[in-house]
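For reference, the structure is listed below as C-alpha cells.
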Amino acid sequence: MSTEVIISPLQGIVSSLCVAVGDEVDEGDVLCLIEAMKMLTPIESSVKGRVAAIHTEEKKSVACNEKLLVIEC
C-alpha cells in the first residue's frame with residue numbers, strides 16, 4: 001500500500017475540512033478549502049484511497065507546500 005501526501009499549493013487559511021480520518025475518497029474529491037485573498041481554493045484528492053491522517057485544522061493558517069493530509073492508496 002502506498003501513500004500520497006497532499007500539500008497546500010498556496011498560503012492561506014483552512015476555511016473548512018471536507019473529510020475525516022478513515023473517509024474513502026476518489027480522485028478529484030474536495031478534501032478542504034483554503035481561503036486566500038478572499039477567494040476559496042478547493043484542494044482535491046489526486047488519488048483514490050482512504051484518508052490516513054490530517055495535519056491541519058479549520059481556521060489554521062498554512063504555508064505554501066505545507067503538508068495537509070495523507071491518503072493511503
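A few comments on the model shown:
- Scanning segment 31-55 for residues that are of a type in the set (Gly, Ala, Ser) and crowded, with 19+ Cβ neighbours inside 10 Å yields Ser45, Gly49.
- Only residues that are under 13 Å from Pro9 (Cβ atoms), part of a loop (DSSP other than H, G, I, E, B) and free of Cβ contacts under 8 Å to residues at least 24 places away in the same chain were counted in segment 28-55, giving 0.
- Condition check for Gly22: at pLDDT 95 or above, in contact with an Asp or Glu (Cβ under 9 Å, 6 or more places away or on another chain) and assigned to a loop (DSSP other than H, G, I, E, B): no
- Segment 56-73, residues that are surrounded by fewer than 13 Cβ atoms within 10 Å (Cβ to Cβ), polar (S, T, N, Q) and assigned to a loop (DSSP other than H, G, I, E, B): Asn65
The values are calculated or read from the model by the stated rules, or taken from the named source; none is laboratory data. Bear in mind that the values here come from a model prediction, so they are computed numbers and not experimental data. All Cβ positions, even for glycine, are placed from backbone atoms using ideal geometry, and neighbour counts span all protein chains on display.
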